[in-house]
Each structure stands twice: as C-alpha cells, then as structure tokens.
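Step one of this worksheet: look at the structure below.
Please treat every number below as a calculation from the coordinates, not as lab data. Keep in mind that what you see is a predicted model, and the values were worked out from it rather than measured. A quick note on method: Cβ atoms are made from the backbone with ideal geometry, for glycine too, and the neighbour counts reach across all protein chains shown.
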Amino acid sequence: MVPLQHLHPMIVHFPIVLVFLVASFELIATALGRNVTGRTASGNFAVGLLVLAAGAAIVAYYFGDIALSYAEAHGFESSVAETHETLGKYVALSLAIWALVRAVLWWRKVAIAGPTAFVIPAISIFAVGLVSWTAYYGGQLVFDLGVNVAKSAGG
C-alpha cells in the first residue's frame, strides 16, 4: 500500500494539468468565437474540466496537509513548506469558488459573448499563475530540500 504522505505528489499533477488545459481551451475557444459559459459543447467541456480541477485541488490540498504533518513529525521544518501550504490552500479555495461561479453560469444558461467573454479565460489564466507559483515551492520542497523523499544510495 502507498504511504499516505506519498499520495500528495501523485494527486497534485491532476489539478495542475487540468487548470492549464481549461485555461488553454477557454482562451482558444473564446478567440474562435465559441461560448465557454453557456450550455454548449465548449461550455460543457470547460465547466466540466474546471469542476474536476477544483475537486482535484481540494483532494491534493488535503493529502498535502497529511504529507506536511508527517514530515514535521519526523523533524522537518521550513518556511518553504509553510508558503507552499498557504498557496495550496489559496489554489483549492480559488478553484472551488471559480468552479462554483462557472457552474452557476452554466446552470442558468448565461452566455457571455463579445470582448467581455475574454474575462473568463483571463481568470483561468490567473489560476494557472497561482498554480504555477504553488508548484514552484512544491518543487523546492522535493528537489532542493528532499522532504518525504528517500535519499539515494549514491549520496
């Protein structure tokens, strides 16, 4: 069985990929004049991806908290970990709120068109920035500090 502290790095790649995918899809679809907020194929796809991304981010945050607790119980302490945890909380919360807003727009069949429609991918692109910032600190934890990673036999 996989130890609980190792689930976070396995799960965290799902919200990362999904956020990049939804932002890219929304930007391209909006540039092509497609509606990503209504109950169209584009709208269904974009909202579905965003809801999946939000759910995955919440699960990743939960298992990240377990991983950090495990590391701290074994003597690890770092401001990088605290920054990563705080950013992870903001990612999960922001994506959950954005997914809820988008789901309500979808449910109410609200179609945002014209130049205003670019607000939708712009917010998702902001989410990409927040996820990337969080991932940067996660990378520092693993690659620079080696948290919850077994040391290699070679040194």
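Fewest Cβ neighbours within 10 Å first, please rank HIS13, HIS8 accordingly.
HIS13, HIS8
Could you check the simple spin-label distance between VAL104 and TYR136, using points 7 Å along Cα→Cβ, in nm with one decimal?
Between VAL104 and TYR136, the simple spin-label model gives 3.2 nm.
So what's the net charge close to GLU72: Lys and Arg +1, Asp and Glu -1, counting the other residues with Cβ under 11 Å from its Cβ?
Result for the local shell: -4.
Consider just the alpha-carbon atoms of segment 35-104 and return their Rg together with their Dmax, both in angstrom.
Spelled out, the Cα radius of gyration and Dmax of segment 35-104 are 15.8, 52 Å.
Arranged by the count of other C-beta atoms within 10 angstrom, fewest first, what order do ASP65, ASP144 take?
ASP144, ASP65
Once you've got the GNM for the chain with C-alpha springs shorter than 10 Å, pick whichever of ALA73, ALA99, ALA127 has the biggest mean-square fluctuation.
With Cα springs under 10 Å in the chain, the top fluctuation among ALA73, ALA99, ALA127 is at ALA73.
If I model a spin label at GLU72 and LEU145 as a point 7 Å from the Cα along the Cα→Cβ vector, what separation in nanometres do I get?
1.1
Please give the calculated 222 nm ellipticity per residue for the chain, where each DSSP H segment of at least 4 residues contributes -39500 (n - 2.57) and the sum is spread over every residue; nearest 500 deg cm²/dmol?
Roughly -24000 deg cm²/dmol at 222 nm, from the helical runs in the chain.
Over the alpha-carbon set of the chain, divide Rg by the Kirkwood Rh and report the Rg/Rh ratio to two decimals.
Reported Rg/Rh, Kirkwood definition of Rh: 1.08.
When you have a sec, figure out the Kirkwood radius of segment 1-81 from all distinct Cα pair distances and drop it here in Å to one decimal?
14.4
With a 10 Å Cβ neighbour count serving as the proxy for reagent exposure, in which order, fewest first, do LYS89, LYS109 appear?
Final ranking by Cβ density, sparse to dense: LYS109, LYS89.
How high is the FRET efficiency from THR86 to ALA41, r the C-beta distance, R0 30 Å, rounded to 0.05?
It comes out at approximately 0.20.
About the Cα centre, and with charges only on the beta carbon of Lys, Arg (+1) and Asp, Glu (-1), how big is the dipole of the chain? Nearest 20 debye, please.
On the way: 7 positive and 7 negative charges, 168 e Å.
Roughly 800 debye for the chain.
Counting Lys +1, Arg +1, Asp -1, Glu -1, what net charge surrounds SER42 among other residues with beta carbon under 9 Å of its beta carbon?
Here the count lands on 0.
Using a Debye calculation, one point per C-alpha and no hydration shell, please list log10 I(q)/I(0) for segment 70-111 at q = 0.21 Å⁻¹ in order.
Treating every Cα as an identical point scatterer, log10 I(q)/I(0) equals -0.71.
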